[in-house]
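To start, the structure itself, in structure tokens.
The values are calculated or read from the model by the stated rules, or taken from the named source; none is laboratory data. Values in this document were obtained by computation on a predicted structure and should not be read as measured data. Note: ideal-geometry Cβ built from the backbone for every residue, glycine included; neighbour counts use all protein chains shown. These accessible areas exclude ligands, DNA and RNA; they are computed on the full protein's heavy atoms, side chains included. Shrake-Rupley method; radii C 1.70, N 1.55, O 1.52, S 1.80 Å.
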Amino acid sequence: MNANFYPNRFSKVAKEALDNADLQNALTKAMHHSQMVRNQAVQDFSDWEEMRNAAYRIRKYTLDHLDELLLQFEENCVRNGVQVHYAWDAQSACQTIHLILSSKSAKRIVKSKSMTTEEIHLNHFLESNGYEVVETDLGEYIVQLRNEPPSHITGPAIHLNRKQIADLFHQKLQLPYTEDPEELTKQARTILRQRFLTADAGISGVNFACADSGKIVIIENEGNVRLTTSLPNIHIALCGIEKILAKEQYLPLFLRMLARSATGQRINVYTNFLSRPRQPNELDGPKEIHVILLDNNRSKMLKDIELRESLLCIRCGACLNVCPIYRRAGGHAYGYSYMGPIGAVITPQLIGLQNAHLLPYASTLCTACGDVCPVKVPLPQQLLTLRQRIAEQASLRPWLEKVGFKIWKWMFSNNAFYVLLTYLLGFASKFGMMKLFKPWSTYRAPLRRAPLTFRQQWKKRTYHER
Amino acid sequence: MDQFFPDSVWKAVQLLKQANCDVVFEEKALCCGQPAFNSGYRKDAYEVAKPLIDLLTMTNEPIVVLSGSCCSMIKIHYHELHLPPELEQQWVKWKNRVFEFCDFWVNVLQNPTLPNSFKSPLRVLFHRSCHALRELKIVSAAETLLQQIPNLELVYTNDFDACCGFGGTFAVKFPEISISMADSKLDYAMQHKVDGIASLDMSCLMHLQARSQKRFLPLKFWYAPELLIYQ
Amino acid sequence: MSADKERILASIESSLAHISKTDFVEVFRQNVPFSDGSILFKMKIEWERNGGYCYDPLKNFDDLFFTLSSHFGTYPIGETIAISSALKPFETILKQRFPHKRFFIENGLIDQVNCSICIATAGIVENGTILVHWDSTQSRSIAVLPEHVIYLLNSKNIYETMDDAFNALRLKGISGWVMIGGPSRTADIEKVLVTGVHGPKFVSLLILEEEFYDRA
Ligand code: SF4
């Protein structure tokens, strides 16, 4: 297991996050802001619910016909002069990229933000193979300098405040100290601009891939994807196989929904529609475009009828923004490239239940995530299903919990037991034994049982009435 | 409710009686099975829910449930317990007869009695509990109900959909996060100088109450319908 | 099976026809104060809502040069200005009108220049964006690399919705483009909005009325 994946340390990392006042402030502020702008933005449409239904059906269609759509997409790409590769898992994806780069002896690489490349730990791989990789999305650049993974799907550096960033730039880049976001951005722009101009290859993710035209669509605000995909000679796009849309004409719906859900904008600043490499008479652009279709357990997820709908996700991050757990635990606690409710659902599927068995429990099932999701991923239900699977695997849950639920089962499925245990509980609470239930009582007052349960009172009352 | 909040139950019974309903309490119905269901133990949950399911399949009367999350378990999630097909067919029929108290009061009984009036004004933080809000969608009904009560002022938290942090076993699995969530609620309540917190979900209240007692906060807690006859 | 697929797609498409297009058109009809409801002004307003700058639609060369000179006056624009080769016919006339600026036809790499003028293929009123495509006459980077970018848009090419605009481009046989909605921006540091990250900080749109555009 890669040491960089640590979902099972959720409690520990989350506790650290809770004690970190800076982080809590930054997160709370950012998440409230995101929620607010998102809620405002969806007001543009009176039929948001219908839009969600349509989006759900389109994405569902993709999952149901993925085999054919992938072939169709590949065919169209090849016709456009784009090279298509399939990668079965993280390792083969990395190797493919390595092969492409080394065949052109490309060394300097610019990357634009992509969760899929985080998923396969591409940066790590490339660096250890002697490549110079630089992230170009501002937030991602910041976390790269800090040697951290991103903490949010759409805002990788959301957990930091301007002071920390100022310190970082000052120390790592020897730039004059400033806390002004505008100045900081300018500093990053200057450095990264140089990187763009000298880069040999650009690596990006993909938001949507249209099967019927072979176009890939990449969404961004900063302009870095635009530059990544037009300045270097090689462009490599890493695309999860579920990103396919059957028809290009469905795009407007998704663009409307994605921008609003993700950042509350009407539309992202740049939406790149890319389909073919540089033509002989064109002035610039990559000479080669490679699309790498990554499986990495996705086809396994697809087979799983109960859980496949988590592949509907379009990575907007809205479910993170509303999640009270995410807001407190922070993205790093989830220990993998996906965080928040969607992380809790897909991480165990991607890297195996036993490697992430805590995540599905890190939710109060408040169902806020399911409500905001633009493509109606049934997140709460999926969490429940995962919990059931985990509970079935004996080694993954503490024995205490299992015994607890056995007792609870006896108690509540049989009247006689219930009465008996009621008495016991009465004693327990009388003698203050409820205090012994540590995880509850360390932080909360012990529960006090009423002197007479309702059941007992009801019996008495009806007896008297008679 | 049986163990910890018998008073609230009595108040609800009293209210229903005032509204000329015959109230029947079934001893055999113990628990809806939600705790185990939410933790992934669906089989255990089913076994616990079985007597209740059998019972409800046999009756023809409307069923009133006194807690949002239990109600949504019964109304919305039972089919996920992998019921045997006959039972599931029955469930589809009877689930529409299951109501949360507020739902029943407003939508079925059509607000029968005049609401109670308080002698002195009361400020109450209304906690929109998640299951009632998003799954049952009965919060607005409850709010209209409470707003009719003279002298009662409702306060909401700023991010009003925020969860209290109970989440069943979540509260003991990740106590720190759970507590931090409860504290946000309680702090908000204290800042806005409310007299107490009302909710449609007893479990949320149990959690919030336990935390507030630990912190020695002067807050009271009500199951929302209690306010109809609270003096 | 294939009939089944067709049926699903058809039903999805018929449901799409009803939603999400009509709604915002209504919304901005209410918001736009112009009684003539001219799509040109709507475009201007929506573009400005995205943080760009847009001049009133231009009717003739005088308008154009007047606007450009006031533009050069307001913004700190360097001496050299890159223009896309689609604007070649303008080159001499621009040089005459603005003798102290250096105009040159871009050659694909314009990183030293801080201002460029290029052609927008289409405008979309729905969200105030423009589409810019690349081909032998216009490079990919000219639309995003400099700090100031001026886009020229033919009023004929303004569409109400994304769907219409994308279709129009496809019909013209264009296969790659970028949809631009305002200046390049980020909120990565404490959610503070900063413009001009990797792309332009100032984006101006000049809408040319159809007749004039054709003549030019
Ligand atoms: S699950 Fe839904 S809300 Fe969450 S990131 Fe994916 S699309 Fe967005």
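Only residues that are in a loop (DSSP other than H, G, I, E, B) and within 12 Å of the ligand (Cβ to nearest atom) were counted in the range A:326-337, giving 0. The residues of the range A:189-241 that are of a type in the set (D, E, K, R) and in contact with a strand residue (DSSP E or B) (Cβ under 9 Å, 6 or more places away or on another chain), listed by number, are A:Arg195, A:Asp200, A:Asp212, A:Lys215, A:Glu220, A:Glu222, A:Arg226. Of the residues contained in the range A:142-159, one or more are found to be away from the ligand (no atom under 16 Å from the Cβ) and touching a Gly at 6+ places or on another chain (Cβ under 7 Å). Just to be sure before I move on: is A:Leu311 under 26 Å from A:Lys60 (Cα atoms) and in the same structural domain as A:Val217 (by TED's automatic domain parsing) in the structure I sent? Spelling it out, it is not the case that A:Leu311 is under 26 Å from A:Lys60 (Cα atoms) and in the same structural domain as A:Val217 (by TED's automatic domain parsing). Considering only residues of the range A:358-370 that are within 11 Å of the ligand (Cβ to nearest atom) and more than 7 Å from every other protein chain (Cβ to nearest Cβ), which is farthest from the chain's Cα centre (by Cα)? That would be A:Gly370.
Scanning the range A:269-281 for residues that are more than 7 Å from every other protein chain (Cβ to nearest Cβ) and touching a residue at least 12 places away in the same chain (Cβ under 8 Å) gives a single hit, A:Pro277. Note on the range C:157-216: residues that are more than 17 Å from the chain's Cα centre (by Cα), acidic (Asp, Glu) and assigned to a loop (DSSP other than H, G, I, E, B) amount to 2. Is it true that some residue in the range C:30-51 is closer than 30 Å to A:His65 by Cβ, part of a helix (DSSP H, G or I) and at pLDDT below 80? No, the conditions are met nowhere in the range C:30-51. Only a single criterion out of (1) more than 23 Å from A:Gln265 (Cβ to Cβ); (2) at the interface with chain A (Cβ under 8 Å from one of its Cβ atoms); (3) open to solvent by 50 Å² or more (accessible area, probe 1.4 Å) is not satisfied by C:Lys191, namely (1).
Selection of the range B:139-187 for residues being part of a loop (DSSP other than H, G, I, E, B), more than 14 Å from chain A (Cβ to nearest Cβ) and open to solvent by less than 40 Å² (accessible area, probe 1.4 Å) yields only B:Ile149. Selection of the range A:376-390 for residues being within 15 Å of the ligand (Cβ to nearest atom) and either without any contact (Cβ under 8 Å) to a residue 12 or more places away in the chain or in the same structural domain as A:Phe45 (by TED's automatic domain parsing) (or both) yields only A:Gln381.
Note on the range B:172-231: residues that are hydroxyl-bearing (Ser, Thr, Tyr) and either over 15 Å from B:Arg128 (Cβ atoms) or over 14 Å from the mean Cα position of the chain (by Cα) (or both) total 6.
For the subset of the range A:179-220 comprising residues that are of a type in the set (D, E, K, R) and in a loop (DSSP other than H, G, I, E, B), which member is surrounded by the most Cβ atoms within 10 Å (Cβ to Cβ)? Ranking the candidates gives A:Lys215 first.
The sole residue among A:Ser105, A:Ser112 that is away from every other protein chain (no Cβ under 12 Å), closer than 29 Å to A:Gly202 by Cα and of a type in the set (Gly, Ala, Ser) is A:Ser105.
With respect to the conditions (1) at the interface with chain B (Cβ under 9 Å from one of its Cβ atoms); (2) within 16 Å of the ligand (Cβ to nearest atom), A:Cys373 falls short on a single one, namely (1). A Cβ distance below 7 Å, combined with a sequence gap of six or more or placement on separate chains, defines the contacts here; from the range A:337-357, residues that are within 14 Å of chain B (Cβ to nearest Cβ) and within 15 Å of A:Met115 (Cβ to Cβ) reach no residue that is charged (D, E, K, R) and within 15 Å of the ligand (Cβ to nearest atom). Within the range A:19-30, residues that are within 10 Å of chain C (Cβ to nearest Cβ) sit with their Cβ atoms under 9 Å from residues that are in a helix (DSSP H, G or I), at 6+ positions apart or across chains, in these pairs: A:Ala26/A:Gln164; A:Ala30/A:Asn321; A:Ala30/A:Arg327. Yes or no: B:Phe37 within 10 Å of chain A (Cβ to nearest Cβ), buried (at least 21 other Cβ atoms within 10 Å of the Cβ) and at pLDDT 70 or above? So B:Phe37 fits the description; yes. The criterion of at least 3 residues that are open to solvent by 10 Å² or more (accessible area, probe 1.4 Å) and of a type in the set (Lys, Arg) is met, among helices (runs of 4 or more DSSP H) falling completely within the range A:38-138, by A:48-64.
Per-residue answers, yes or no, for (1) open to solvent by less than 20 Å² (accessible area, probe 1.4 Å); (2) among the small types (Gly, Ala, Ser):
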position: C:Lys101; (1), (2): no, no
position: C:Phe104; (1), (2): no, no
position: C:Gly123; (1), (2): yes, yes
position: C:Gln138; (1), (2): yes, no
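The set of residues from the range B:188-201 being in contact (Cβ under 8 Å) with a residue 12 or more places away in the chain and open to solvent by 10 Å² or more (accessible area, probe 1.4 Å) comprises B:Tyr188, B:Met190, B:His192, B:Lys193, B:Val194, B:Asp195.
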